[in-house]
Amino acid sequence: MAFSLAGALVLSASPFTAPIAEAVGNGPGYGGNETINTSILHTYDEMVDFLKTQEAKQSNMELEVIGQSVKGRDLYLVKYMSNPENPTILFLTQQHGNEQLTTEGALEFIKHMGSGKMKGVADNVNILIVPMLNADGAMGDVDFSLEDYVASGDRNLTRYNAREVDLNRDHVNKIQPETQALHTNVMAKYDIDYMIDLHHQGTMSERDGELVSGSILYPTTPNVDPDVLLKSKQLGAVVFDAVDSTGWGHIGKYNGGNAETISRNGIAVEYGISTLLFEMRGMSDHEYEPYVLGQKSNGYLIKQTITALDASVRAIADDSIEQADISFWDTLATQTTRPSDE
Ligand SMILES: [Zn+2]
């Protein structure tokens, strides 16, 4: 069961307790001699079972199908919508199917929403979560070969959808059914103020000489409205402060492009939504070995996701996000890539 992973690692070391000695950035990478086993991750079916179980348990949570993947998998939206007048935040995971710890973190966050610790928080903020947008890529159910991919286990996971298209380059034309579902039944349908788009990057990104646990970036297209950009930077400040203060988190500024085909840029311009890209360290699977991270870091990266989601929800609920100090962006170094030993 995929459940044991998150249960064992996250519950025994809650993001809200004492800092942990070893920074995730210095955790193990995949050196070619470590097993990368994908069977510890939720399959699509296990994720759906999890969501339905949580919906039955949590009276203020609603589950909606927003469309289907190329291969016909239902795509889900999780909703906590107590009052349409509340500010609304959307969390999006796994546009890239091989970046799954973001989804594992989102599922833990959904469970966390049903706990006493979050009592009352959702009265003042609406939360939307689209987990595993690229369900076919996550399940390796695609029309191209994955035989060179690194991971062993039940399946391989790939960045692309079943037609080998990068969904995070489809936010202008919206040709793929997954991006259409997201735009038609989430972006255009709800009055969304903030979005965090969750991803994973390679394992060798560093800032100030230390490997990062993750990297963040706001919309960089010149067409973004200044107020949308300001609020994006404030969302980044909330996430940075929450993760950096843990003692194990080490966040860099992501070096991202300006194209509006990328959700961070396109969605900010088209809908006036303040967006933040959050890239976790290391991918679940890839054909290029240095991109894949050993699963010993899974617990930290899942926790990093929960920490970011929890902090942003609370900062929006109590309006403190509007006072967030964005000056750190002026000094936060853009990450660089540490040369690999290979
Ligand atoms: Zn990605």
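The values are calculated or read from the model by the stated rules, or taken from the named source; none is laboratory data. Remember, predicted model here, so these are calculated numbers, not experimental data. Please note: Cβ atoms are built from the backbone with ideal geometry, for glycine as well, and neighbour counts cover all protein chains shown.
So if I check each of Gly209, Gly214, Gly202, which one is without any contact (Cβ under 8 Å) to a residue 24 or more places away in the chain and small (Gly, Ala, Ser)? Only one candidate passes the filter, namely Gly209. Considering (1) buried (at least 22 other Cβ atoms within 10 Å of the Cβ); (2) in contact with a Lys or Arg (Cβ under 8 Å, 6 or more places away or on another chain), the lone condition that Gly140 does not fulfil carries the number (1).
On the stretch given as the range 59-86, residues that are part of a loop (DSSP other than H, G, I, E, B), surrounded by fewer than 18 Cβ atoms within 10 Å (Cβ to Cβ) and on the phi < 0 side of the Ramachandran plot total 8.
Residues being polar (S, T, N, Q), more than 18 Å from Asn126 (Cα to Cα) and free of Cβ contacts under 8 Å to residues at least 24 places away in the same chain: count how many of those fall in the range 48-76. Selection size over the range 48-76: 1. Note on the range 119-130: residues that are surrounded by 20 or more Cβ atoms within 10 Å (Cβ to Cβ) and either within 16 Å of the ligand (Cβ to nearest atom) or part of a helix (DSSP H, G or I) (or both) total 2.
The strands (runs of 3 or more DSSP E) located wholly in the range 161-267 that include 1 or more residues which are away from the ligand (no atom under 16 Å from the Cβ) and either within 18 Å of the chain's Cα centre (by Cα) or closer than 30 Å to Lys296 by Cα (or both) occupy 194-201, 205-207, 251-253. So is Phe16 under 20 Å from Thr93 (Cβ atoms), among the aromatic types (Phe, Trp, Tyr) and either modelled with pLDDT under 95 or surrounded by 13 or more Cβ atoms within 10 Å (Cβ to Cβ) (or both) or not? In short, no. Exactly one residue out of Thr184, Thr158 is surrounded by fewer than 16 Cβ atoms within 10 Å (Cβ to Cβ) and of a type outside the set (Phe, Trp, Tyr), and it is Thr184.
Any residue at all in the range 96-118 that's over 19 Å from the mean Cα position of the chain (by Cα), assigned to a loop (DSSP other than H, G, I, E, B) and not aliphatic (A, V, I, L, M)? Looking for residues that are over 19 Å from the mean Cα position of the chain (by Cα), assigned to a loop (DSSP other than H, G, I, E, B) and not aliphatic (A, V, I, L, M), one finds at least one in the range 96-118, hence yes. Within the range 285-335, the residues that satisfy the criterion of being exposed (fewer than 15 other Cβ atoms within 10 Å of the Cβ) and outside any helix (DSSP H, G or I) are Tyr288, Asp318, Asp319, Asp325, Ser327, Ala333, Thr334. One residue stands out among those in the range 271-283 that are of a type outside the set (D, E, K, R) and within 11 Å of the ligand (Cβ to nearest atom): the one that is nearest to Glu206 (Cα to Cα), which is Met280.
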